[in-house]
Every structure is written in C-alpha cells, then in structure tokens.
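Here's the structure, in structure tokens; my notes come after.
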Amino acid sequence: MATQPGLKLVELDEGGINTAFRADVLEGLAQVPKAIPARWFYDDAGSALFEEITQLPEYYLTRAETEILQSRCDDFRRLIEPGLAVVEFGSGSSVKTPLLLECIAPAAYVPLDIAGDFLRASAAELAGKFPNLPIHPVEADFMQPVRLPDAVAHLPKLGFFPGSTIGNFIPWSATDLLRQFRALLGPCSQLLIGMDRVKPPERLIAAYNDPQGVTAAFNLNLLTRINRELEGNIPVDAFRHEARWNDILSRIEMHLVATRDVEFSISGRYFSLGAGQSIHTENSHKYGHRGGRVLLLAGGWTPIAEWTDPDEDFAIILAEAQPERFAP
Ligand code: AVJ
C-alpha cells in the first residue's frame with residue numbers, strides 16, 4: 001500500500017510564517033538567559049545535518065542504539081505482540097525503524113515529524129521496503145495535541161521514541177510528554193524508548209563538539225533558519241558553537257556564544273548580546289540505569305525490560321502504560 005497523503009498540523013499566518021516558531025524565538029530571546037527550544041533545529045537543512053552527525057565517529061549514540069535494535073529482535077518479538085500500530089515520535093529519516101518493523105509484524109506505521117518534506121520522503125522510502133504495511137505520516141509537533149489517523153484508531157499501539165530525544169526535555173517536561181504519549185496511545189499500549197547513559201564528560205563533550213564542525217554547523221543553522229523564515233538579520237559569523245557538561249543537571253548543553261557585541265532584529269523586534277553571552281539552544285539529558293526507569297514511572301509507564309549495548313553507552317527500555325490504579 002502506498003503512503004497516505006498525511007495530516008498537516010503546522011500553523012502558518014497570512015505571510016506564510018510558522019507562528020509557533022516565531023513565538024518560541026521571540027519569547028526565548030527576550031528571556032534571561034536567552035534560549036530557543038531545540039525542536040527548531042529540524043528544518044530540511046538541520047535534519048540533513050543531524051543525519052550527518054549520526055555518522056560521526058564521536059557520536060556513539062546512533063551506533064549503540066542501532067546495535068541494540070539489531071541484536072534484540074528475538075526479545076522484541078517475544079515481548080511485543082504482532083498486529084499493532086507503531087507510532088514513532090520525531091521519526092526523522094526513519095533509518096532505525098526497519099530494524100523494529102522487521103521483528104514485530106505490525107499492522108500499521110505512523111511516523112510523526114515536524115520536518116514535512118523530510119517526513120514524506122522517508123515514509124516513501126520505507127513504503128518501498130515494506131510494500132504491505134500501511135504507512136500514515138503525520139506532519140506534527142508531538143509537543144502539541146496530536147490526532148492519530150482514523151485508520152489506526154482501533155489498533156493497539158506501540159510508541160517508538162528512539163534516539164534519546166527524550167533527553168532534549170527537562171525532566172519536568174519529559175514526564176508531561178510521557179503522560180501525553182500515554183493518553184494518545186491508550187491504556188494498553190507499550191512504549192519502546194531510547195535513552196543515552198551518563199558517562200565521563202570528556203566523551204560526552206566530544207560527541208557534541210566534533211572536530212569536523214558538523215555539530216557546530218547544525219547549531220548555527222538555527223540562526224540561518226531564523227534569518228530566512230522570520231525576517232531576521234542575525235550576523236551568523238558573530239556566533240560560535242559550544243558544548244558544555246552540566247553535571248548537577250546531568251546534561252550536555254549546546255550554546256551559541258556571541259564572539260563580539262551583536263545587535264539584530266527578527267520579525268521587527270530588536271535584540272542584543274554582549275560578547276561572551278550565549279543563546280542556549282539544546283539540552284541533552286543523560287540518565288543512569290535507575291534514573292531512566294524512574295523517569296518512565298513518573299510519566300505513567302512501567303518498565304518491563306531494558307537492554308544496553310556491550311559498553312553500556314546507551315539504553316533501550318520497553319515499558320507499558322500504567323493502569324489507572326494499581327496496588328498498593
Ligand atoms: C536527536 C536530540 C537525540 O541530543 O544527542 C546531536 C541531537 N544535538 N548533536 C542529541 C543532537 C547535537 C540529539 N537528539
């Protein structure tokens with residue numbers, strides 16, 4: 001079956017401006033310290049740069065997670081029933097998805113992503129690999145209320161949230177998001193989620209500050225996107241990429257640091273930064289083997305199995321929706 005036309009849930013104003021993007025940028029830059037939510041990295045250029053990051057020798061996350069997915073097919077088949085709808089949150093290029101779909105014999109696949117063209121291209125490619133699987137791409141921000149296609153309404157669901165994307169959210173928002181997933185997927189659903197593990201800061205920083213400068217380009221692309229889509233004139237060359245380990249909050253932070261005093265405008269609003277000040281663009285939280293499970297429990301999901309790669313760099317956890325009430 002061919003790819004469905006898909007639902008489009010991105011709101012544009014009369015001028016074709018993405019209003020949610022504009023609101024996040026204008027609010028975020030008016031804040032102290034300045035911050036822009038990481039989800040806005042993923043325009044087409046940003047999504048392509050992220051795919052490049054996943055190939056970097058320093059960026060172990062994707063390789064470690066792929067290794068787990070490849071080696072645990074029997075476990076997935078045993079613990080996940082056939083015939084359910086797989087709903088992937090932030091599907092991106094969907095490169096890891098076949099590894100799961102091959103194992104568990106699903107009845108449908110629903111990739112959700114905010115990068116529309118990228119989403120449709122990836123869905124089309126996947127349709128080539130799984131000609132008998134109904135695919136229903138949904139262009140949406142999974143942080144907003146989402147409606148699943150009617151075609152999968154009656155099916156049991158497996159949420160798939162790989163890549164350690166959960167790490168982008170502060171634990172408070174992460175638990176909100178997990179609860180939202182639970183509400184969307186239903187009371188008998190399961191969730192397969194990837195989380196990056198805590199490890200020595202040197203390795204973490206190297207993964208987010210590669211010598212080739214791909215991560216820097218990914219971070220700086222946000223400014224280029226703002227200039228293009230939100231009528232901005234940010235001098236991109238006046239910023240440099242920085243990755244910091246915040247130990248007390250257990251996260252890598254990415255910043256865009258002004259290398260000199262800068263002034264610019266975005267959608268008619270003026271902003272300035274002094275030399276050395278930064279725009280905080282991403283958090284990537286890392287969890288220990290207990291912390292990750294507690295996060296899931298707090299978000300309404302009971303862990304039932306956990307796997308890591310041999311070096312224990314990365315974990316995949318399978319959880320099921322907690323019943324409304326449980327003993328004691
Ligand atoms: C896709 C959010 C998991 O935090 O590791 C990679 C994004 N940022 N390099 C991550 C990212 C910089 C990535 N996630």
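The values are calculated or read from the model by the stated rules, or taken from the named source; none is laboratory data. All values derive from a computational prediction rather than experimental measurement. Methodologically, a virtual Cβ is constructed for each residue, glycine included, from the backbone with ideal geometry; neighbour enumeration extends over all protein chains shown.
Before moving on, here are some points about what is shown:
- Of the set (1) crowded, with 21+ Cβ neighbours inside 10 Å; (2) away from the ligand (no atom under 15 Å from the Cβ); (3) over 30 Å from L84 (Cα atoms), all apply to L191 but (3).
- Of the strands (runs of 3 or more DSSP E) that lie entirely inside the range 212-328, those containing 3 or more residues that are within 22 Å of the chain's Cα centre (by Cα) and closer than 18 Å to A35 by Cα span 239-246, 251-258, 278-285.
- Going through (1) surrounded by 22 or more Cβ atoms within 10 Å (Cβ to Cβ); (2) modelled with pLDDT of 95 or more; (3) not acidic (D, E) one by one, Q31 falls short only on (1).
- All positions within the range 9-30 that are part of a loop (DSSP other than H, G, I, E, B), of a type in the set (A, V, I, L, M, F, W, C) and within 13 Å of E229 (Cβ to Cβ): V10, I17
- Beta carbons closer than 9 Å, at least 6 apart along the sequence or on distinct chains, pair a first residue in the range 246-257 that is of a type in the set (S, T, Y) with a second that is within 12 Å of the ligand (Cβ to nearest atom) for S250/H285; S250/K286.
This table checks each residue for (1) buried (at least 23 other Cβ atoms within 10 Å of the Cβ); (2) outside any loop (DSSP other than H, G, I, E, B); (3) without any contact (Cβ under 8 Å) to a residue 40 or more places away in the chain.
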position: P106; (1), (2), (3): yes, no, no
position: L119; (1), (2), (3): yes, yes, no
position: E125; (1), (2), (3): no, yes, yes
position: P131; (1), (2), (3): no, no, no
position: Q144; (1), (2), (3): no, no, no
position: L148; (1), (2), (3): no, no, no
position: H154; (1), (2), (3): no, no, yes
position: L177; (1), (2), (3): no, yes, no
position: Q180; (1), (2), (3): no, yes, yes
